[in-house]
Every structure is written in structure tokens, then in C-alpha cells.
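Encoded as C-alpha cells, the structure appears first; notes follow it.
Since every read-out is calculated from the coordinates, none of them should be taken as a lab result. Note that the coordinates shown come from a computational prediction; the quantities given were computed from them, not determined experimentally. Note that each Cβ is placed from the backbone with ideal geometry, even for glycine, and that neighbours are counted across all protein chains shown.
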Amino acid sequence: MTATIMSREEYLRQDLDARLPNYEKDGRLYDIMVSQQFSRGFLETLFDIADRINAISHQPGGDDFLASLLRHKRAMLYFTQPSTRTFLSFLSACQIVGMRTGEVRDPSLSSEVKGESQEDALRTFSSYFDLIIMRDAKPGFCEYMAYLQQFASRNVPIFNGGSGKDQHPTQALLDVYTMHRSFQDRGGISGKTYGFVGDLLRGRAVRSVAYLLTRYSGIKMIFAAPVEFQISPELESYLVEKGIAVQKTDSLEEALPQVDSLYMTRVQDEYDVSGESSRVDYTRYHLTCENIRRMKSDAIILHPLPRRFEIDPAIDSDPRAMYWRQLRNGMYIRAALILYVFGMEDRLAEFGGM
Ligand code: NCD
């Protein structure tokens, strides 16, 4: 009997809760699509795996041990939107756990120019590879690919490395892992105030981090943005429903003294339809050596990068600046995610060098 396959529109019209079970296999996460998939328990497990990978990699013989774990697996990186960090971070993560990789970054060099659909291109990758990591401009497209795999003879996990303006779940994992590491001797992530600054409407990283922080208690979020780029009403009601104290403002100055963590973002002008970004005075959302004096002395400053002007490079040497550390954390958390999805995390205990 032939199964009825939903169109992309039909599939995405369903509630997220109806779609999420499609991304699990044998009671474990399998496809990594959106932040709402991650429970608090899962986050703690993943942070612990990442800590252990990091520690092992610093031991003699540790790198070789880690690289033996998934030597038999191959990953495909399919990035049709620009990327530096997410691509290199996933590539490094694959190398840490020993996976070999292939990549397509420019679809004009693949058979898509011959008129092949992206769906068929991805199905081709799943024939050769054991994991697909993808970034694409169309919101929900990688979710649809994960759904379609159920009907294919070979079903490999898919990781969302950024789905247009929609979500960037692995960026959120690395951001929250950075918060976890920064706050672990100060009572943890719960009970703190998190500021978000910049283009909060179109920034997928902000959305994914905000969803993820709802897994903790006693959280306050302050969203400082020009009114044109404030968070969507949907995100705001989701957060309020989850018990988050939400404050919206168009003043960075108002947010600065209150926050324990400040998440800076650039204007996402690649999504402009008619020059919206050029009509906004973004200079009011820049962090300078002057205005960071108003922040708490132990607050942390994050940025998913790339930055433009929103953080003065002179701030890089301030102990509160975490955005370069986020890169290393991202590599370890992605390596942890790969081990977890392949059910290999228990093998870390076999390392005898510690
Ligand atoms: C972010 C992204 O692509 O959404 N960058 C990243 O993945 N490190 C943020 C951005 O591009 O502004």
C-alpha cells in the first residue's frame, strides 16, 4: 500500500506538538529541528557529554580515542545559506568524533542546476551518508525533509543548522551551554535576567535561545530593540505562558544595569523586502566601552556572530565578553549531540586516560 505523503504546506500547518514525535526514534531525539524538542533533562545530559569530550580531548591519547568512536560514519554538510562558524563548528565536531564528511555549499555546482528538486538532492545524500547537517533559507524545509525520510528506504538523522528566520537550535544549545558554564558556580541558569538586543524579529538564534531558556525557572527576559524589530506577539505569548517575566523596551540603556546575560545581535538585513533596515537607527543598540560600565561586573556578553558594529572590538578583552568562547563551546556541544544521536555517549567511559 502506498502511504499518503503530505505536502510541505500541509505538513507544516500541523501543530508543532504533532510534528515533534517524527523527530524521535526509539525514545531518543533523532532529528534536531527546533529548540522545543529539548527537555531540561536532555540539556543536562548533553552538557555533561560536552564537558567529558572537552576533558578527554585535553588528555594524552584523548583525541585518538574520541576519533575512534564514529570512524565508521559519514556526515554530509549541505549549507545553501552563507555560514562560517556553524559550518566549521559542525565540521570540527565531526572530526572530533572521527566522522568523515562531504559538503555542498553552492547548489549551482550540484545537479540542482539540472533541475533536480532539493528533496531529491537530499534523498541522494541519505544514500551515501549517515547524517545530514543542513542550513537553508526556507523555514520548515529541513523539518519537512526529516518527515519525508520516514517514507524512504534509508532514514538518517538530519540536523537543522539554521532554517531561514525560523530557528537555529544548535546555536541555542551552545549559547545556553555557555550560560551554564558561566553560571555554574553562581546558582546556575535559573533565577537570572537575560537581555536580548538588536534585530529580535528576524534573528533565528534569539528565538531558539528564548525557547530553550523556558526550560529553567525564575527567568526574566528583557528584549531591547527598535519597535520595528521587536519579538513577535507569538513568541511573547509563548514565553508568558511558560512563566517567563517579559519586559520589552526600545532602550538598551534601560536593559544594561538589570541583566546577568546580554545577547547581542546584528541587523538581519538579508531578509529586507524593501530596505527596512536602512530606516532604523541601529546605533542606539551598540555596546561601547562607555555604556558597558552600566552593566553588572559579573554579567556575561554573548553574540552568535558575525558582528558588525554592535560590539566595539575593544570590549573583546573585557572578562565579561564570552562571544569568542562560545565558538569552542559550540564545537564540543555539537560533538556531544552527534555522539548522543548515534547512542555512543556511554562509550566515553571507556577512555582510560583520566
Ligand atoms: C547566526 C545565524 O546564522 O543565524 N550566526 C551563526 O550561526 N553563528 C547569527 C547571524 O547570522 O546574525
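Values computed for the structure shown
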{"quantity": "Scattering curve values for the range 12-166, log₁₀ I(q)/I(0), Debye with Cα scatterers, q = 0.10, 0.12, 0.16 Å⁻¹", "calculated": "-0.39, -0.56, -0.99"}
{"quantity": "Helix 118-128 vs. the chain, principal-axis angle (Cα, 0 to 90°, nearest 10)", "calculated": "60"}
{"quantity": "Gain upon complete extension [S274, V240; 0.36 nm per residue less C-alpha separation]", "calculated": "9.1 nm"}
{"quantity": "Environment charge at D260 (Cβ cut-off 15 Å; Lys +1, Arg +1, Asp -1, Glu -1)", "calculated": "+4"}
{"quantity": "Kirkwood hydrodynamic radius (C-alpha pairs) into Stokes-Einstein, the range 235-354, 37 °C and 0.692 mPa s, D in µm²/s", "calculated": "187"}
{"quantity": "Additional length obtainable on full extension of the chain from S232 to E253, 0.36 nm per residue less Cα span", "calculated": "5.4 nm"}
{"quantity": "Size of electric dipole in the chain: Cβ of Lys, Arg +1 and of Asp, Glu -1, about Cα centre, debye, nearest 20", "calculated": "520"}
{"quantity": "Tail weight of P(r) past 20 Å, computed on alpha-carbon pairs of the range 36-117, percent", "calculated": "52"}
{"quantity": "Counting DSSP beta bridges with both ends in the chain, the antiparallel % (nearest 5)", "calculated": "10"}
{"quantity": "Semi-axis lengths (Å, descending) of the ellipsoid that matches the C-alpha gyration tensor of the range 169-326", "calculated": "22, 19, 14"}
{"quantity": "Over 28 Å (Cα to Cα) - which of K114/K138; K25/K138; K73/K165; K25/K248 fall in this group", "calculated": "K73/K165; K25/K248"}
{"quantity": "Eligible aspartates and glutamates near K296 by straight Cα distance, threshold 14 Å, same-chain separation 8 or greater", "calculated": "E253, E254, D260, D318"}
{"quantity": "Positive-end residue, the chain charge dipole about Cα centroid, Cβ charges, pick of N54, G161, P306", "calculated": "N54"}
{"quantity": "Rg to Rh, two decimals, where the chain supplies the alpha carbon set and Rh follows Kirkwood", "calculated": "0.96"}
{"quantity": "V206, V104, V113 arranged by Cβ crowding within 10 Å, fewest neighbours leading", "calculated": "V113, V104, V206"}
